[in-house]
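Trainee: Here you go, one structure.
The values are calculated or read from the model by the stated rules, or taken from the named source; none is laboratory data. In this text, all values refer to a predicted model and were calculated from it rather than measured experimentally. Cβ coordinates were reconstructed from backbone atoms using ideal geometry, including for glycine residues, and neighbour counts include every protein chain displayed. Accessible surface is based on the protein model in full, side chains and every heavy atom, while ligands, DNA and RNA are left aside. Shrake-Rupley method; radii C 1.70, N 1.55, O 1.52, S 1.80 Å.
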Amino acid sequence: MDFKQLEKLFWQATMQILGLDPTIPENVNKVRRTYSTDGQPAWKIDEDVVFIRLFEKEDDYTKQLDSVYEPRASTVIKQSARTRVWEVQYVAYGPVAHANINKIKDGVFRQDVKRLLSASSVFLIPNLPTCKRVPELFGGQWWNRWDTSLNFNELYRLPDEDVGRIESVSVATYYNR
């Protein structure tokens, strides 16, 4: 899965957890994948908004590549996979920012969310970090903000590789006395 698809998957899961219908236009911007690029908030202080940021993490699991070799008619196909570990940072603003962060933190354990993620080979690492209050000063006002980070493993499959095939091997053995 590429990065944009992964971002979209976490966006869908977050919308589902928060009970927001993505077909309703005003709900679409309540969960965002990026900050505004013009240097100021693109929402109001009394508006509830959640931001999602993904970071690939260094982990012992990311250092291993598992490969299987499958013989085919005239060749051998190498199928490889590895684990990518993702830190997903959630930043919630607004009057119910704390409630939204807690919904997300608890919602990743719901079966419907687990099914959504596992269908794309993404699985929660249940480490349950704390929620952090991080009020933010902007325009002379303190904006209510809460953050948390969750970690996920993704089974990442590399493209299949044709590694060729050895048709026959001659082995000769000799006995020395």
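Trainee: With the structure loaded, tell me whether VAL49 is hydrophobic (A, V, I, L, M, F, W, C), in contact with a helix residue (DSSP H, G or I) (Cβ under 6 Å, 6 or more places away or on another chain) and either surrounded by 14 or more Cβ atoms within 10 Å (Cβ to Cβ) or modelled with pLDDT of 95 or more (or both) or whether it fails that test. If you could, list the steps in order and put the result at the bottom.
Mentor: Numbers: hydrophobic (A, V, I, L, M, F, W, C): yes; in contact with a helix residue (DSSP H, G or I) (Cβ under 6 Å, 6 or more places away or on another chain): no; either surrounded by 14 or more Cβ atoms within 10 Å (Cβ to Cβ) or modelled with pLDDT of 95 or more (or both): yes.
When the stated conditions are applied, VAL49 does not pass them.
Trainee: Shifting gears a bit: Looking only at region 152-177, how many residues end up being of a type outside the set (Lys, Arg) and in contact (Cβ under 8 Å) with a residue 40 or more places away in the chain?
Mentor: Filtering region 152-177 for residues of a type outside the set (Lys, Arg) gives 152-156, 158-164, 166-176.
Checking the rest, the ones that are also in contact (Cβ under 8 Å) with a residue 40 or more places away in the chain come to 152-156, 158, 160-164.
Selection size over region 152-177: 11.
Trainee: State all residues of region 2-20 that are open to solvent by 20 Å² or more (accessible area, probe 1.4 Å) and either under 15 Å from TYR90 (Cβ atoms) or touching a helix residue (DSSP H, G or I) at 6+ places or on another chain (Cβ under 6 Å) (or both); if no residue qualifies, say none. Break it down stepwise before answering.
Mentor: Start the filter on region 2-20 by keeping residues that are open to solvent by 20 Å² or more (accessible area, probe 1.4 Å), which leaves 2-5, 8, 11-12, 16, 18-20.
Across region 2-20, the qualifying residues are TRP11, GLN12, GLN16, LEU18, LEU20.
Trainee: Is there a residue being loosely packed, with under 10 Cβ neighbours inside 10 Å and among the aromatic types (Phe, Trp, Tyr) anywhere in region 155-177?
Mentor: Yes, region 155-177 contains at least one residue that is loosely packed, with under 10 Cβ neighbours inside 10 Å and among the aromatic types (Phe, Trp, Tyr).
Trainee: Assigned to a loop (DSSP other than H, G, I, E, B) and out of contact with any strand residue (DSSP E or B) (no Cβ under 6 Å at 6 or more places or on another chain) - does that describe any residue in region 3-14? Walk me through how you get there before you give the answer.
Mentor: Step one: filter region 3-14 for residues assigned to a loop (DSSP other than H, G, I, E, B), giving none.
No, every residue in region 3-14 fails to be assigned to a loop (DSSP other than H, G, I, E, B) and out of contact with any strand residue (DSSP E or B) (no Cβ under 6 Å at 6 or more places or on another chain).
Trainee: Taking the conditions exactly as written (part of a helix (DSSP H, G or I), closer than 24 Å to PHE152 by Cβ, in contact (Cβ under 8 Å) with a residue 12 or more places away in the chain and among the β-branched types (Val, Ile, Thr)), does ILE52 satisfy them or not? Give the derivation first.
Mentor: Numbers: part of a helix (DSSP H, G or I): no; closer than 24 Å to PHE152 by Cβ: yes; in contact (Cβ under 8 Å) with a residue 12 or more places away in the chain: yes; among the β-branched types (Val, Ile, Thr): yes.
No.
Trainee: Quick one: LYS114 ticks every box in (1) part of a helix (DSSP H, G or I); (2) open to solvent by less than 80 Å² (accessible area, probe 1.4 Å); (3) under 30 Å from LYS63 (Cα atoms) except a single one, so which number is it?
Mentor: For LYS114, the exception is condition (2).
Trainee: If I go through region 21-42 residue by residue, how many of them are in a loop (DSSP other than H, G, I, E, B) and crowded, with 16+ Cβ neighbours inside 10 Å? Steps first, please.
Mentor: In the first step, residues of region 21-42 are kept if they are in a loop (DSSP other than H, G, I, E, B); the result is 21-24, 29-30, 33-42.
Checking the rest, the ones that are also crowded, with 16+ Cβ neighbours inside 10 Å come to 30, 41.
Residues meeting the conditions: 2.
Trainee: Turning to a different aspect of this structure: One residue is enough: does region 129-148 have a residue meeting the conditions open to solvent by less than 30 Å² (accessible area, probe 1.4 Å), part of a strand (DSSP E or B) and touching a Pro at 6+ places or on another chain (Cβ under 8 Å)?
Mentor: So far as region 129-148 goes, yes, one or more of its residues are open to solvent by less than 30 Å² (accessible area, probe 1.4 Å), part of a strand (DSSP E or B) and touching a Pro at 6+ places or on another chain (Cβ under 8 Å).
Trainee: Sticking with this one: I need a count of the residues in region 64-102 that are outside any strand (DSSP E or B) and either β-branched (Val, Ile, Thr) or within 18 Å of the chain's Cα centre (by Cα) (or both).
Mentor: Result for region 64-102: 3.
Trainee: Here is a follow-up. Take region 58-108 and flag every residue that is of a type in the set (Val, Ile, Thr), touching a residue at least 24 places away in the same chain (Cβ under 8 Å) and open to solvent by 40 Å² or more (accessible area, probe 1.4 Å).
Mentor: Of region 58-108, the ones of a type in the set (Val, Ile, Thr) are 62, 68, 75-77, 83, 85, 88, 91, 96, 101, 104, 108.
Pick out the ones that are also touching a residue at least 24 places away in the same chain (Cβ under 8 Å) and you get 75-77, 83, 85, 88, 91, 96, 101, 104, 108.
Result: VAL96, single match.
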